[in-house]
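Engineer: Right, I'll just put the structure down here and ask away after.
The values are calculated or read from the model by the stated rules, or taken from the named source; none is laboratory data. The model shown is predicted, which means the values in this text are computed figures rather than measured ones. Note that we place each Cβ from the backbone using ideal geometry, even for glycine, and neighbour counts take in every protein chain shown.
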Amino acid sequence: MNDWSISENARALHQDALVWDCHSCLPLSPDIDLGVLARHKKAGVDFVSINVGMDMNPLGDVMRVLAGFRTWLRAHQDGYVLAGSVADVRQAKKDGKLAVAFDLEGSVPLSGETEMVRLFHDLGVRQIHLAYNRNNDAGGGCHDDDIGLTEFGHRVVAAINDAGMLMDCSHTGHRTSLDIMAASAMPVIFSHSNARALVDHGRNITDEQIDACVKTGGVIGVNGVGRFLGDEHAGTEAVLRHIDYLVERAGPDHVGLGIDYSYEMGVPSIPADTDRTYWWPKNAGYGGGAMKIAAPEQFPEITEGLLAHGHGEAGVRAILGGNFLRVAEAAWG
Ligand SMILES: [Zn+2]
(Lines give C-alpha, C1' and ligand atoms only; values in the text may rest on other atoms or scores of the structure.)
Protein backbone atom coordinates (compact mmCIF):
# COMPACT_ATOMS: atom_id res chain seq x y z
CA MET A 1 0.00 0.00 0.00
CA ASN A 2 1.17 3.51 -0.68
CA ASP A 3 1.90 6.14 1.96
CA TRP A 4 0.11 9.07 0.35
CA SER A 5 -1.29 11.37 3.00
CA ILE A 6 -4.43 12.37 1.14
CA SER A 7 -8.14 11.69 1.57
CA GLU A 8 -9.58 8.23 0.81
CA ASN A 9 -11.54 9.70 -2.06
CA ALA A 10 -8.47 11.23 -3.67
CA ARG A 11 -6.41 8.12 -3.01
CA ALA A 12 -8.85 5.84 -4.82
CA LEU A 13 -9.01 8.19 -7.79
CA HIS A 14 -5.22 8.70 -7.97
CA GLN A 15 -4.64 4.95 -7.82
CA ASP A 16 -7.15 4.19 -10.54
CA ALA A 17 -6.42 7.08 -12.92
CA LEU A 18 -3.70 6.81 -15.54
CA VAL A 19 -1.08 9.37 -14.49
CA TRP A 20 1.18 10.78 -17.21
CA ASP A 21 4.27 12.94 -16.56
CA CYS A 22 5.04 14.38 -19.98
CA HIS A 23 8.58 15.43 -19.05
CA SER A 24 11.12 14.84 -16.30
CA CYS A 25 14.91 14.58 -16.36
CA LEU A 26 17.63 12.18 -15.35
CA PRO A 27 21.31 13.11 -15.61
CA LEU A 28 22.33 12.74 -19.26
CA SER A 29 24.93 10.10 -18.60
CA PRO A 30 24.88 6.53 -19.97
CA ASP A 31 25.79 4.74 -16.73
CA ILE A 32 23.26 6.15 -14.26
CA ASP A 33 20.78 3.97 -12.35
CA LEU A 34 17.29 4.62 -13.73
CA GLY A 35 15.94 2.88 -10.63
CA VAL A 36 15.58 6.32 -9.04
CA LEU A 37 12.40 6.55 -11.14
CA ALA A 38 10.81 4.28 -8.50
CA ARG A 39 9.92 7.59 -6.81
CA HIS A 40 7.67 8.39 -9.76
CA LYS A 41 6.04 4.95 -9.55
CA LYS A 42 5.56 5.20 -5.77
CA ALA A 43 3.82 8.53 -6.32
CA GLY A 44 1.28 6.80 -8.57
CA VAL A 45 2.76 7.89 -11.89
CA ASP A 46 2.22 5.34 -14.70
CA PHE A 47 4.14 6.96 -17.56
CA VAL A 48 7.07 9.36 -17.68
CA SER A 49 8.87 10.88 -20.67
CA ILE A 50 12.54 11.48 -19.93
CA ASN A 51 14.85 13.47 -22.14
CA VAL A 52 17.92 11.95 -23.78
CA GLY A 53 19.44 15.14 -25.13
CA MET A 54 19.18 18.89 -25.54
CA ASP A 55 20.51 21.24 -28.22
CA MET A 56 23.80 21.68 -26.33
CA ASN A 57 24.52 17.91 -26.12
CA PRO A 58 26.75 16.57 -28.93
CA LEU A 59 25.10 13.79 -30.97
CA GLY A 60 27.64 11.22 -29.77
CA ASP A 61 26.64 11.92 -26.16
CA VAL A 62 22.93 11.65 -27.03
CA MET A 63 23.57 8.24 -28.63
CA ARG A 64 25.57 7.02 -25.62
CA VAL A 65 22.74 8.09 -23.30
CA LEU A 66 20.18 6.29 -25.47
CA ALA A 67 22.32 3.14 -25.43
CA GLY A 68 22.76 3.30 -21.66
CA PHE A 69 19.11 4.02 -20.85
CA ARG A 70 17.87 1.32 -23.25
CA THR A 71 20.26 -1.23 -21.75
CA TRP A 72 19.11 -0.41 -18.21
CA LEU A 73 15.42 -0.69 -19.16
CA ARG A 74 16.00 -4.02 -20.95
CA ALA A 75 17.65 -5.38 -17.79
CA HIS A 76 14.80 -4.21 -15.51
CA GLN A 77 11.67 -5.40 -17.28
CA ASP A 78 10.27 -6.63 -13.98
CA GLY A 79 9.45 -3.03 -13.05
CA TYR A 80 9.89 -0.91 -16.17
CA VAL A 81 8.76 -0.86 -19.79
CA LEU A 82 10.20 1.14 -22.69
CA ALA A 83 6.82 2.15 -24.08
CA GLY A 84 6.44 2.54 -27.84
CA SER A 85 2.65 2.74 -27.91
CA VAL A 86 -0.32 3.71 -25.80
CA ALA A 87 -1.14 -0.02 -25.56
CA ASP A 88 2.28 -0.48 -23.90
CA VAL A 89 1.43 2.27 -21.40
CA ARG A 90 -1.96 0.74 -20.55
CA GLN A 91 -0.41 -2.73 -20.15
CA ALA A 92 2.35 -1.37 -17.91
CA LYS A 93 -0.25 0.17 -15.60
CA LYS A 94 -2.12 -3.16 -15.43
CA ASP A 95 1.14 -4.93 -14.60
CA GLY A 96 2.14 -2.35 -11.96
CA LYS A 97 5.17 -1.22 -13.99
CA LEU A 98 6.40 2.25 -14.87
CA ALA A 99 6.20 3.00 -18.59
CA VAL A 100 9.04 5.17 -19.89
CA ALA A 101 9.60 6.84 -23.26
CA PHE A 102 12.27 9.27 -24.40
CA ASP A 103 12.09 12.85 -25.61
CA LEU A 104 14.51 15.13 -27.36
CA GLU A 105 14.82 18.79 -26.33
CA GLY A 106 15.83 20.49 -29.54
CA SER A 107 16.50 19.56 -33.15
CA VAL A 108 20.28 20.18 -33.28
CA PRO A 109 20.90 16.42 -32.71
CA LEU A 110 19.09 15.80 -36.02
CA SER A 111 22.27 17.22 -37.62
CA GLY A 112 20.30 18.84 -40.44
CA GLU A 113 18.82 15.51 -41.63
CA THR A 114 15.07 14.90 -41.45
CA GLU A 115 15.80 11.15 -41.76
CA MET A 116 17.23 11.33 -38.23
CA VAL A 117 13.69 11.79 -36.88
CA ARG A 118 12.71 8.24 -37.74
CA LEU A 119 16.01 6.89 -36.41
CA PHE A 120 15.32 8.52 -33.04
CA HIS A 121 11.78 7.11 -33.16
CA ASP A 122 13.19 3.63 -33.69
CA LEU A 123 15.41 4.15 -30.62
CA GLY A 124 12.43 4.98 -28.39
CA VAL A 125 12.03 8.76 -28.75
CA ARG A 126 8.34 9.69 -28.87
CA GLN A 127 8.40 13.51 -28.48
CA ILE A 128 10.57 16.31 -29.87
CA HIS A 129 10.63 20.08 -29.63
CA LEU A 130 12.65 21.97 -32.21
CA ALA A 131 14.67 24.58 -30.29
CA TYR A 132 16.00 24.69 -26.75
CA ASN A 133 15.74 28.36 -25.66
CA ARG A 134 17.96 29.57 -28.53
CA ASN A 135 17.49 29.75 -32.31
CA ASN A 136 18.83 27.01 -34.56
CA ASP A 137 18.47 25.89 -38.19
CA ALA A 138 14.87 24.70 -37.61
CA GLY A 139 13.43 27.74 -35.88
CA GLY A 140 13.35 30.01 -32.85
CA GLY A 141 13.96 29.36 -29.17
CA CYS A 142 12.02 31.20 -26.47
CA HIS A 143 15.02 33.23 -25.24
CA ASP A 144 16.24 34.55 -28.61
CA ASP A 145 15.14 36.79 -31.50
CA ASP A 146 11.57 35.85 -32.41
CA ILE A 147 12.10 34.21 -35.82
CA GLY A 148 9.67 31.89 -37.60
CA LEU A 149 9.89 28.22 -38.53
CA THR A 150 12.53 27.76 -41.25
CA GLU A 151 12.18 25.71 -44.43
CA PHE A 152 14.16 22.91 -42.72
CA GLY A 153 11.90 23.29 -39.67
CA HIS A 154 8.82 22.78 -41.84
CA ARG A 155 10.30 19.52 -43.15
CA VAL A 156 11.14 18.41 -39.58
CA VAL A 157 7.53 19.01 -38.46
CA ALA A 158 6.31 16.84 -41.36
CA ALA A 159 8.90 14.17 -40.48
CA ILE A 160 7.78 14.17 -36.82
CA ASN A 161 4.14 13.82 -37.92
CA ASP A 162 5.07 10.97 -40.31
CA ALA A 163 7.30 9.11 -37.86
CA GLY A 164 4.54 8.96 -35.23
CA MET A 165 5.93 11.22 -32.54
CA LEU A 166 4.44 14.01 -30.46
CA MET A 167 5.22 17.48 -31.82
CA ASP A 168 6.22 19.54 -28.78
CA CYS A 169 6.55 23.34 -28.55
CA SER A 170 8.03 23.87 -25.06
CA HIS A 171 11.24 25.96 -25.07
CA THR A 172 10.28 27.14 -28.59
CA GLY A 173 10.06 30.77 -29.67
CA HIS A 174 6.68 32.47 -29.98
CA ARG A 175 6.49 32.82 -33.79
CA THR A 176 8.04 29.43 -34.45
CA SER A 177 5.55 27.75 -32.12
CA LEU A 178 2.61 29.42 -33.90
CA ASP A 179 4.07 28.37 -37.29
CA ILE A 180 4.45 24.77 -36.04
CA MET A 181 0.88 24.66 -34.75
CA ALA A 182 -0.39 25.97 -38.09
CA ALA A 183 1.70 23.43 -40.04
CA SER A 184 1.35 20.26 -37.98
CA ALA A 185 -1.04 17.59 -39.25
CA MET A 186 -1.32 16.22 -35.70
CA PRO A 187 -2.20 17.69 -32.30
CA VAL A 188 0.69 19.75 -30.90
CA ILE A 189 1.65 19.73 -27.23
CA PHE A 190 3.56 21.93 -24.84
CA SER A 191 5.08 19.14 -22.75
CA HIS A 192 6.18 21.41 -19.88
CA SER A 193 5.03 25.04 -20.07
CA ASN A 194 3.16 27.35 -17.70
CA ALA A 195 0.92 30.37 -18.23
CA ARG A 196 2.53 33.73 -19.07
CA ALA A 197 -0.61 35.53 -17.87
CA LEU A 198 0.26 34.36 -14.33
CA VAL A 199 4.06 34.66 -14.45
CA ASP A 200 5.73 36.88 -17.03
CA HIS A 201 8.71 34.67 -17.94
CA GLY A 202 9.90 33.88 -21.47
CA ARG A 203 9.57 30.12 -20.85
CA ASN A 204 5.87 30.56 -20.10
CA ILE A 205 3.34 30.68 -22.94
CA THR A 206 0.92 33.40 -23.98
CA ASP A 207 -2.84 33.11 -24.33
CA GLU A 208 -2.32 33.23 -28.12
CA GLN A 209 -0.11 30.11 -27.92
CA ILE A 210 -2.59 28.39 -25.58
CA ASP A 211 -5.49 29.09 -27.96
CA ALA A 212 -3.47 27.86 -30.97
CA CYS A 213 -2.58 24.66 -29.12
CA VAL A 214 -6.26 24.01 -28.36
CA LYS A 215 -7.05 24.52 -32.07
CA THR A 216 -4.72 21.61 -32.92
CA GLY A 217 -6.48 19.42 -30.35
CA GLY A 218 -3.29 19.51 -28.26
CA VAL A 219 -2.43 19.53 -24.57
CA ILE A 220 -0.37 21.84 -22.32
CA GLY A 221 1.59 20.15 -19.51
CA VAL A 222 2.05 22.31 -16.42
CA ASN A 223 5.58 22.10 -15.02
CA GLY A 224 6.75 22.28 -11.41
CA VAL A 225 9.69 24.66 -11.87
CA GLY A 226 9.50 27.26 -9.09
CA ARG A 227 10.71 30.13 -11.27
CA PHE A 228 8.04 29.46 -13.93
CA LEU A 229 5.32 28.80 -11.35
CA GLY A 230 6.02 32.05 -9.52
CA ASP A 231 6.68 30.19 -6.27
CA GLU A 232 10.27 29.62 -5.18
CA HIS A 233 9.06 26.68 -3.04
CA ALA A 234 7.39 25.00 -6.06
CA GLY A 235 4.39 24.21 -3.90
CA THR A 236 1.41 22.17 -5.02
CA GLU A 237 -0.92 25.19 -4.75
CA ALA A 238 1.21 27.04 -7.31
CA VAL A 239 0.98 24.07 -9.69
CA LEU A 240 -2.80 24.07 -9.20
CA ARG A 241 -2.98 27.81 -9.89
CA HIS A 242 -1.49 27.28 -13.37
CA ILE A 243 -3.74 24.28 -14.00
CA ASP A 244 -6.80 26.30 -12.97
CA TYR A 245 -5.85 29.13 -15.31
CA LEU A 246 -5.25 26.79 -18.25
CA VAL A 247 -8.50 24.88 -17.64
CA GLU A 248 -10.34 28.21 -17.60
CA ARG A 249 -8.66 29.32 -20.83
CA ALA A 250 -8.30 26.03 -22.74
CA GLY A 251 -10.89 23.72 -21.19
CA PRO A 252 -10.27 20.54 -19.18
CA ASP A 253 -9.47 18.45 -22.28
CA HIS A 254 -6.30 20.39 -23.08
CA VAL A 255 -4.37 20.42 -19.80
CA GLY A 256 -1.92 17.91 -18.34
CA LEU A 257 1.30 17.64 -16.34
CA GLY A 258 4.98 17.59 -17.26
CA ILE A 259 6.56 18.46 -13.94
CA ASP A 260 10.16 18.62 -15.25
CA TYR A 261 11.53 17.08 -12.06
CA SER A 262 15.30 16.76 -12.28
CA TYR A 263 16.88 13.76 -10.52
CA GLU A 264 20.18 15.05 -9.15
CA MET A 265 22.78 12.29 -8.91
CA GLY A 266 25.99 14.30 -8.88
CA VAL A 267 26.53 13.64 -12.60
CA PRO A 268 26.53 16.54 -15.07
CA SER A 269 24.08 16.56 -18.02
CA ILE A 270 25.96 18.96 -20.27
CA PRO A 271 29.58 19.20 -21.44
CA ALA A 272 31.87 20.99 -18.96
CA ASP A 273 32.72 23.75 -21.45
CA THR A 274 29.05 24.67 -22.11
CA ASP A 275 28.35 28.41 -21.88
CA ARG A 276 25.42 28.30 -19.45
CA THR A 277 24.69 32.01 -19.84
CA TYR A 278 24.05 31.43 -23.58
CA TRP A 279 21.43 28.71 -23.03
CA TRP A 280 19.98 30.20 -19.83
CA PRO A 281 20.52 33.97 -20.25
CA LYS A 282 20.67 36.15 -17.15
CA ASN A 283 18.41 38.78 -18.77
CA ALA A 284 15.76 36.07 -19.22
CA GLY A 285 15.64 35.57 -15.47
CA TYR A 286 18.15 32.77 -14.90
CA GLY A 287 20.97 32.53 -12.40
CA GLY A 288 20.77 33.62 -8.79
CA GLY A 289 20.68 30.39 -6.84
CA ALA A 290 19.19 26.94 -7.05
CA MET A 291 15.84 26.45 -8.70
CA LYS A 292 13.37 24.36 -6.70
CA ILE A 293 11.19 21.99 -8.74
CA ALA A 294 8.04 20.19 -7.59
CA ALA A 295 8.90 16.60 -6.61
CA PRO A 296 7.20 13.43 -7.88
CA GLU A 297 5.83 12.95 -4.35
CA GLN A 298 3.53 15.93 -5.01
CA PHE A 299 1.48 14.02 -7.62
CA PRO A 300 -1.02 12.60 -5.06
CA GLU A 301 -1.42 16.08 -3.54
CA ILE A 302 -2.12 17.46 -7.01
CA THR A 303 -4.99 14.97 -7.38
CA GLU A 304 -6.37 15.92 -4.00
CA GLY A 305 -5.98 19.62 -4.85
CA LEU A 306 -7.72 19.22 -8.21
CA LEU A 307 -10.72 17.68 -6.45
CA ALA A 308 -10.67 20.42 -3.82
CA HIS A 309 -10.57 23.04 -6.59
CA GLY A 310 -13.79 21.54 -7.97
CA HIS A 311 -12.50 19.92 -11.17
CA GLY A 312 -14.70 16.85 -10.82
CA GLU A 313 -13.64 13.24 -11.29
CA ALA A 314 -13.76 13.19 -15.11
CA GLY A 315 -11.78 16.41 -15.31
CA VAL A 316 -9.18 15.18 -12.82
CA ARG A 317 -8.67 11.96 -14.80
CA ALA A 318 -8.25 13.97 -18.01
CA ILE A 319 -5.70 16.34 -16.47
CA LEU A 320 -3.73 13.59 -14.71
CA GLY A 321 -3.18 11.62 -17.90
CA GLY A 322 -6.26 11.08 -20.06
CA ASN A 323 -5.49 14.09 -22.25
CA PHE A 324 -1.86 13.21 -23.00
CA LEU A 325 -2.96 9.59 -23.56
CA ARG A 326 -5.43 10.82 -26.18
CA VAL A 327 -2.89 12.89 -28.15
CA ALA A 328 -0.22 10.18 -27.87
CA GLU A 329 -2.68 7.66 -29.26
CA ALA A 330 -3.33 10.00 -32.22
CA ALA A 331 0.34 10.84 -32.84
CA TRP A 332 2.08 7.55 -32.07
CA GLY A 333 -0.45 5.46 -34.05
ZN1 LIG B 1 12.89 21.48 -20.60
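Engineer: Pairs only if they're at least six apart or on different chains, beta carbon under 6 angstrom, first in the range 116-136 and without any contact (Cβ under 8 Å) to a residue 60 or more places away in the chain, second assigned to a loop (DSSP other than H, G, I, E, B) and within 15 Å of the ligand (Cβ to nearest atom); list them, first residue then second.
Structural biologist: Correct list of pairs: L130/S107.
Engineer: Tally time: how many residues in the range 227-248 are in contact with a Lys or Arg (Cβ under 9 Å, 6 or more places away or on another chain), surrounded by 19 or more Cβ atoms within 10 Å (Cβ to Cβ) and touching a residue at least 24 places away in the same chain (Cβ under 8 Å)?
Structural biologist: 4
Engineer: From the list G218, G153, G202, G224, pick out the single residue that is crowded, with 18+ Cβ neighbours inside 10 Å, in contact (Cβ under 8 Å) with a residue 40 or more places away in the chain, within 22 Å of H242 (Cα to Cα) and out of contact with any strand residue (DSSP E or B) (no Cβ under 8 Å at 6 or more places or on another chain). I'd like the intermediate steps shown before the answer.
Structural biologist: Numbers: G218 fails: out of contact with any strand residue (DSSP E or B) (no Cβ under 8 Å at 6 or more places or on another chain); G153 fails: within 22 Å of H242 (Cα to Cα); G224 fails: out of contact with any strand residue (DSSP E or B) (no Cβ under 8 Å at 6 or more places or on another chain).
It is G202.
Engineer: Just name the residue that is surrounded by the most Cβ atoms within 10 Å (Cβ to Cβ) out of those in the range 249-263 that are hydrophobic (A, V, I, L, M, F, W, C) and under 11 Å from G321 (Cα atoms).
Structural biologist: Of the range 249-263, the ones hydrophobic (A, V, I, L, M, F, W, C) are 250, 255, 257, 259.
Still in the running and under 11 Å from G321 (Cα atoms): 255, 257.
Details: V255: 27, L257: 30.
Among residues in the range 249-263 that are hydrophobic (A, V, I, L, M, F, W, C) and under 11 Å from G321 (Cα atoms), the one surrounded by the most Cβ atoms within 10 Å (Cβ to Cβ) is L257.
Engineer: Further, regarding this structure: Would you kindly identify the helices (runs of 4 or more DSSP H) lying entirely within the range 217-299 that contain at least 2 residues that are hydroxyl-bearing (S, T, Y)?
Structural biologist: Because the criterion is at least 2 residues that are hydroxyl-bearing (S, T, Y), the helices (runs of 4 or more DSSP H) in the range 217-299 that meet it are 236-250, 276-279.
Engineer: Within the range 134-152, identify whether any single residue is closer than 21 Å to I50 by Cα and away from the ligand (no atom under 16 Å from the Cβ), and answer yes or no.
Structural biologist: No, the conditions are met nowhere in the range 134-152.
Engineer: A further question follows. Looking at the range 158-176 only, could you name the residues that are free of Cβ contacts under 8 Å to residues at least 60 places away in the same chain and either within 14 Å of the ligand (Cβ to nearest atom) or over 19 Å from the mean Cα position of the chain (by Cα) (or both)?
Structural biologist: A158, A159, D162, C169, T172, R175
Engineer: Shifting gears a bit: Please identify the pairs in which a residue from the range 28-48 that is under 16 Å from H76 (Cβ atoms) has its Cβ atom under 9 Å from the Cβ atom of a residue that is modelled with pLDDT under 95 and surrounded by fewer than 16 Cβ atoms within 10 Å (Cβ to Cβ), counting only partners at least 6 apart or on another chain.
Structural biologist: D31/V267; I32/M265; I32/V267; D33/M265; V36/M265; K42/N2; K42/D3
Engineer: OK, next. So, in the range 77-106, how many residues would count as being in a loop (DSSP other than H, G, I, E, B) and under 18 Å from A328 (Cβ atoms)? Steps first, answer last, please.
Structural biologist: Let us first name the residues in the range 77-106 that are in a loop (DSSP other than H, G, I, E, B), namely 77-79, 83-85, 95-97, 106.
Imposing the further condition that a residue be under 18 Å from A328 (Cβ atoms) reduces the set to 83-85, 97.
Total satisfying the criteria: 4.
Engineer: Report, by residue number, each residue of the range 141-164 that is in contact with a Leu (Cβ under 9 Å, 6 or more places away or on another chain) and not in a helix (DSSP H, G or I).
Structural biologist: G141, G148, L149
Engineer: Any chance you could count how many residues in the range 287-305 are over 20 Å from the mean Cα position of the chain (by Cα) and surrounded by 15 or more Cβ atoms within 10 Å (Cβ to Cβ)?
Structural biologist: So the first thing to find is which residues in the range 287-305 are over 20 Å from the mean Cα position of the chain (by Cα), and the list is 287-290, 304-305.
Retained after the next criterion (residues that are surrounded by 15 or more Cβ atoms within 10 Å (Cβ to Cβ)): 304-305.
Final tally of qualifying residues: 2.
Engineer: What number of residues within the range 49-71 satisfy the criterion of being touching a residue at least 40 places away in the same chain (Cβ under 8 Å), farther than 24 Å from G164 by Cβ and more than 16 Å from the ligand (Cβ to nearest atom)?
Structural biologist: The qualifying residues number 2.
Engineer: For the range 172-185, which residues satisfy the criterion of being assigned to a loop (DSSP other than H, G, I, E, B) and farther than 21 Å from E113 by Cβ?
Structural biologist: Residues of the range 172-185 assigned to a loop (DSSP other than H, G, I, E, B): 173, 184-185.
Passing the criteria: only G173.
Engineer: Quickly run through the range 29-76 and pick out the residues that are farther than 22 Å from A17 by Cα and part of a strand (DSSP E or B). Outline the logic, then answer.
Structural biologist: Start the filter on the range 29-76 by keeping residues that are farther than 22 Å from A17 by Cα, which leaves 29-36, 51-76.
Correct list: N51, V52, G53, M54.
Here is a yes/no grid of residues against (1) in contact with a helix residue (DSSP H, G or I) (Cβ under 9 Å, 6 or more places away or on another chain); (2) at pLDDT 95 or above; (3) farther than 23 Å from I302 by Cβ:
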{"position": "V45", "(1), (2), (3)": "yes, yes, no"}
{"position": "V48", "(1), (2), (3)": "yes, yes, no"}
{"position": "M56", "(1), (2), (3)": "yes, yes, yes"}
{"position": "V65", "(1), (2), (3)": "no, yes, yes"}
{"position": "R70", "(1), (2), (3)": "no, yes, yes"}
{"position": "A75", "(1), (2), (3)": "no, yes, yes"}
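Engineer: Take the range 110-126 and flag every residue that is more than 19 Å from S177 (Cα to Cα) and within 16 Å of the ligand (Cβ to nearest atom).
Structural biologist: V125
Engineer: Would you check which residues across the range 271-286 are modelled with pLDDT of 90 or more and buried (at least 16 other Cβ atoms within 10 Å of the Cβ) and list them?
Structural biologist: Step one: filter the range 271-286 for residues modelled with pLDDT of 90 or more, giving 271-282.
Passing the criteria: W279, W280, P281.
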